[in-house]
Amino acid sequence: MFTGIITGVGRIADLHPLGSSLDHGKRLTVEAPPGYLDDVALGDSIAHNGACMTVTSLDAAASRFTIDISAESLSKTTGLSEAGRRVNLEKALRANDRLGGHIVSGHVDGVGSVTRFERIGESWELCVLAPPALGKYLAYKGSIAINGVSLTVNRFADRADGCEFSINLIPHTVENTTLGDLSAGSSVNLEIDTVARYVERMLGTPAPSN
């Protein structure tokens, strides 16, 4: 589990195919900030742009580690298949950590598209078009994770091609995550609020009879 509070920005240093067919995934070598891996062990979970991945090898002294991503995960996410790409990193939540954002599972529910990213006053407005299936989970002042960052929905509008929603980004968020790299047309990983997922299941599906 995660909180959506980014603890570092890494860079995909290298990619290696895990096989010769499209059914094979890739091994990514990720370069982390200095000292970031000091408390990381082999097998730990780290979210990359909101997608939970397992550390498969580790070189803390060089601030590098690897993760293996399946073809299925690559097909359901964005921003994890390009060498040189910056990625948001978050280590898995400890039981005694502060829950500064919201409960995030690290499972990407869909890929959205940035429709607008503009500076307004001291902040930035980020507008994203979510796939139609995710629209019912978006609510005013509700939580959503964009590329792993816990954010609050300011407004939303249902459209024929999906649900467009708006987020306000403070300067700290822009400066300390990869969200500042976005522009209109960029693809982003989306994870809906876990609570909304369970509410929809309870209200939308009749309970089984005994």
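The values are calculated or read from the model by the stated rules, or taken from the named source; none is laboratory data. Values in this document were obtained by computation on a predicted structure and should not be read as measured data. Cβ: placed from backbone, ideal geometry, glycine included. Neighbour counts: every protein chain shown. Note: accessible area is taken over every heavy atom of the protein model, side chains too, but ligands, DNA and RNA are not part of it. Shrake-Rupley method; radii C 1.70, N 1.55, O 1.52, S 1.80 Å.
So VAL111 passes all but one of these: (1) assigned to a strand (DSSP E or B); (2) more than 24 Å from HIS24 (Cβ to Cβ); (3) open to solvent by 40 Å² or more (accessible area, probe 1.4 Å). Which condition number does it fail?
Looking at each condition in turn, VAL111 falls short on (2).
Output the residue which, of all residues in segment 166-191 that are part of a strand (DSSP E or B) and out of contact with any Cys (no Cβ under 7 Å at 6 or more places or on another chain), is surrounded by the most Cβ atoms within 10 Å (Cβ to Cβ). Lay out the reasoning, then the answer.
Filtering segment 166-191 for residues part of a strand (DSSP E or B) gives 166-169, 187-191.
Among the residues that remain, those that are also out of contact with any Cys (no Cβ under 7 Å at 6 or more places or on another chain) are: 167-169, 187-191.
On the way: ILE167: 21, ASN168: 15, LEU169: 22, SER187: 15, VAL188: 27, ASN189: 25, LEU190: 24, GLU191: 29.
Within segment 166-191, the match that is surrounded by the most Cβ atoms within 10 Å (Cβ to Cβ) is GLU191.
Look through segment 44-79, keep the residues that are aliphatic (A, V, I, L, M) and open to solvent by 30 Å² or more (accessible area, probe 1.4 Å), and return whichever of them is nearest to the chain's Cα centre (by Cα). Don't jump to the end; show me each part of the working.
Of the residues in segment 44-79, the ones aliphatic (A, V, I, L, M) are 46-47, 51, 53, 55, 58, 60-62, 67, 69, 71, 74.
Right, trim to open to solvent by 30 Å² or more (accessible area, probe 1.4 Å) and you get 58, 60-62, 74.
Details: LEU58: 22, ALA60: 24, ALA61: 26, ALA62: 25, LEU74: 13 Å.
So, considering only residues that are aliphatic (A, V, I, L, M) and open to solvent by 30 Å² or more (accessible area, probe 1.4 Å), the one nearest to the chain's Cα centre (by Cα) is LEU74.
Taking the stated definitions as given, is THR115 polar (S, T, N, Q), in contact with an Asp or Glu (Cβ under 8 Å, 6 or more places away or on another chain) and within 21 Å of SER186 (Cβ to Cβ)?
On the way: polar (S, T, N, Q): yes; in contact with an Asp or Glu (Cβ under 8 Å, 6 or more places away or on another chain): yes; within 21 Å of SER186 (Cβ to Cβ): yes.
Taking the combined requirement at face value, the residue satisfies it.
Looking at segment 92-104, is at least one residue polar (S, T, N, Q) and either modelled with pLDDT of 95 or more or open to solvent by less than 80 Å² (accessible area, probe 1.4 Å) (or both)? Talk me through it step by step, then tell me what you get.
Looking only at segment 92-104, we keep the residues that are polar (S, T, N, Q), and these are 96.
After this cut, where a residue has to be either modelled with pLDDT of 95 or more or open to solvent by less than 80 Å² (accessible area, probe 1.4 Å) (or both) as well, the list is none.
No: segment 92-104 contains no residue that is polar (S, T, N, Q) and either modelled with pLDDT of 95 or more or open to solvent by less than 80 Å² (accessible area, probe 1.4 Å) (or both).
Give segment 80-91 a look and list any residue that's in contact with a Ser or Thr (Cβ under 7 Å, 6 or more places away or on another chain) and open to solvent by less than 40 Å² (accessible area, probe 1.4 Å), or say none.
First, the residues of segment 80-91 that are in contact with a Ser or Thr (Cβ under 7 Å, 6 or more places away or on another chain): 86-91.
VAL87, ASN88, LEU89, GLU90, listed by residue number.
Mind telling me which of the residues ASP68, ASP39 ends up being in a loop (DSSP other than H, G, I, E, B) and in contact with a Lys or Arg (Cβ under 9 Å, 6 or more places away or on another chain)? Let's see the steps before the verdict.
Numbers: ASP68 fails: in a loop (DSSP other than H, G, I, E, B).
Of ASP68, ASP39, the one residue that is in a loop (DSSP other than H, G, I, E, B) and in contact with a Lys or Arg (Cβ under 9 Å, 6 or more places away or on another chain) is ASP39.
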